1. Output the residues belonging to region A:154-205 that are within 15 Å of A:VAL132 (Cβ to Cβ) and among the polar types (S, T, N, Q).
2. Take A:PRO313 and decide whether it is surrounded by fewer than 19 Cβ atoms within 10 Å (Cβ to Cβ), farther than 28 Å from A:GLY137 by Cα and either without any contact (Cβ under 8 Å) to a residue 24 or more places away in the chain or not β-branched (Val, Ile, Thr) (or both).
3. Hey, any hits in region A:219-240 for a residue that's within 14 Å of chain B (Cβ to nearest Cβ) and either over 25 Å from B:TRP239 (Cβ atoms) or within 18 Å of the chain's Cα centre (by Cα) (or both)?
4. Please tell me if B:ILE148 is under 27 Å from the mean Cα position of the chain (by Cα), on the phi < 0 side of the Ramachandran plot and more than 14 Å from every other protein chain (Cβ to nearest Cβ).
5. Output the number of the condition that A:ASP154 fails; it satisfies all remaining conditions of (1) open to solvent by 40 Å² or more (accessible area, probe 1.4 Å); (2) in contact with a Leu (Cβ under 9 Å, 6 or more places away or on another chain); (3) in contact (Cβ under 8 Å) with a residue 12 or more places away in the chain.
6. Testing A:TRP181 on (1) surrounded by 22 or more Cβ atoms within 10 Å (Cβ to Cβ); (2) within 14 Å of another protein chain (Cβ to nearest Cβ), one condition comes back false. Which one is that?
7. Identify, from the list B:GLY161, B:GLY137, the residue that is surrounded by 15 or more Cβ atoms within 10 Å (Cβ to Cβ) and of a type in the set (Gly, Ala, Ser).
Amino acid sequence: MMKRLLATLVIATMALSAAARAEEKPTKVTVGYLNLVNAQLVTKHLGLLAKEMPGVDIKYVKAGGGGDMLRAIAGNDVDFGGLGNPPTAIGATRALPIKGILVINMLDYVESMVVRSDKNITSLKDLKGKTVAAPFGSTTHYLLLQALKDEGVDPASMKIIDLAPSDIAAAWLRGDIDAAWFWEPNLDKVVKNGGKILVTSGEMAKRGYPTWDIGVVMNAFAEKYPSYVEKFIKAECEGIDFWLKNPEKTAEIIAEELSLPLPDATRMMKGTGMVPCNQQLTEEYLGTSAKKGRFVDTLIATADFLVKQERLPKLLPRADFEAFIQPAYIEKVIGR
Amino acid sequence: MSVEASPMEIPISVDRTQRGSLRLNIPKVSRSLLLSTVTVAVLLAAWAIVTEVGWANELFLAKPQTVWAAFVKTMTKGYQGATLPQHLGASLYRILTAFALACFIGIPLGVLMGVSRNARALLNPLIEFYRPLPPLGLYTLLVMWLGIGESSKLSLLFLAGLPGIVISTIQAVTSVDPVYVRAAQSLGATRRHLLFHVYLPAAGPLILAGMRISLGFTYTVLVAAEIVAASAGIGWMIWDAAKFLLSDVVIMGLIVLGFTGVVLDLMMRGIAKLLMPWA
């Protein structure tokens, strides 16, 4: 009798705790990643996320650019995503249910403006009357218009067209465009076919226009599975550490993931800035929960710019952008 | 009032249980117009209520007044450098040019394939193969071949419109009563006579119906055609606004597209009546 009761109790406890654990565990996690060179490819390739989340079905979805990612987020198709600062400013202003939790990468010369070397273009002023391409709504579209404004060149004096990165490469090979500001891996194809770099995104960062990609999580997911947000960050941090410690192996991974020759992958890696997770909480990046960092300033500057472009209805107060940046998860991961 | 006296007895007799004979005298056309108005009104009301109460996220479904404001703003100030009439003009130019091309090539091709078995056997594989291809898949290739300018956009719209016209023309021509053909031949008609006085007049109504469907199909491919490297056009405006999550502009653009589609279709019907009063 006693034995039976005990057995029942044990089974009941086990069932209960299993139920409790099952409740906290998502059955599936979908990670949207951008088609560019950064440590997310390492995390994906080494299966670091799967190691952090055993028993969870992990799905990776590739997005060509920020516009596609934004649509995926708005459509609730991903749990985690990555966004450049212009799409982030759009998402934050439009009150998309997301939070920025991690610096994915800082953009240096992995993003550049390339011009036809036989067209004698030595400055932005020479672009008058030319056809210039950029994926609209992305970091490079933002930088292109900022750079033109700083040099006092009227954007209406040239033909600026909206093309996806892969279409830019195709249009370049056909000779349809004279200049383009976009990113690797397609950038390289253009440079090798009669292109030369005029300005890089890294140079624009030094002029006060940093561009970056930030990891975001859907609010609903973060509320339901906060510990899995930490697991995600932990996996991505491991990827970043691997990138910083093993550049050669990383280059091999990038080369394989993006089907590139090894020297190209190595060069593209160097053009991307990776920020180790324990530095992400400094003033320059996310900052801390108590005092948010300069990412907020970049977001406000970007949003302000987009409002002037009539792509956004109004500029939100600083507090809204501060609320979007959430260093709390990464603070927990690195134990601060 | 006697219902029997009304010339509209048949359509309204079903309605006898409804109130008053006054209503029964409403002619059939305005009755269906009334019903259609009810549908639109209910839809608009539902839209207004859902957005006002907050059941729908404004990010995906803007309020009717916001959409109206977007319409007014685009009419007067424009969206990204072009006003709504300019966007519409760019799109209509593309559609109508491509559609005219599709008719100029599709109708003669269809007649040829309808009259001659050999021509049909020769050309059918081509048309049957590309007809079911999704436009976007075709488009990437067109962009590689023809570039990012107008020619690739026009080609895509042309290719979308062509098969409908060809196939309906073939059907129209093959369904012409052979008695007409033989009668004309026995009266000494030449091939040219047969074409212009027998085949085309008899097949005309079906060809025009095919043209209408084909115009509709061309229209549906518009947004896809304007995704790549356009800087004006209703389709481009919708695509661009979607990137920036401007749902008011997106919805406004779709409504304008819808109305324009209806107007185009009415115009096609008008042309059909003018050209083929016997149909």
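The values are calculated or read from the model by the stated rules, or taken from the named source; none is laboratory data. Note that the structure is predicted; figures quoted are calculated from it, not measured. Cβ: placed from backbone, ideal geometry, glycine included. Neighbour counts: every protein chain shown. Just the protein is used for accessible areas: all its heavy atoms, side chains included, with ligands, DNA and RNA removed. Shrake-Rupley method; radii C 1.70, N 1.55, O 1.52, S 1.80 Å.
1. A:SER157
2. No.
3. Step one: list which residues in region A:219-240 are within 14 Å of chain B (Cβ to nearest Cβ), which gives A:219-220.
Filter again for either over 25 Å from B:TRP239 (Cβ atoms) or within 18 Å of the chain's Cα centre (by Cα) (or both), leaving A:219-220.
Yes, region A:219-240 contains at least one residue that is within 14 Å of chain B (Cβ to nearest Cβ) and either over 25 Å from B:TRP239 (Cβ atoms) or within 18 Å of the chain's Cα centre (by Cα) (or both).
4. no
5. Unmet for A:ASP154, out of (1) open to solvent by 40 Å² or more (accessible area, probe 1.4 Å); (2) in contact with a Leu (Cβ under 9 Å, 6 or more places away or on another chain); (3) in contact (Cβ under 8 Å) with a residue 12 or more places away in the chain: (3).
6. (2)
7. One residue alone meets the criteria, B:GLY161.
Yes or no, residue by residue, for (1) among the small types (Gly, Ala, Ser); (2) under 21 Å from the mean Cα position of the chain (by Cα):
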| residue | (1), (2) |
| --- | --- |
| B:LEU101 | no, yes |
| B:ILE105 | no, yes |
| B:GLY110 | yes, yes |
| B:ARG117 | no, no |
| B:ARG120 | no, no |
| B:LEU123 | no, no |
| B:TYR130 | no, yes |
| B:TYR139 | no, yes |
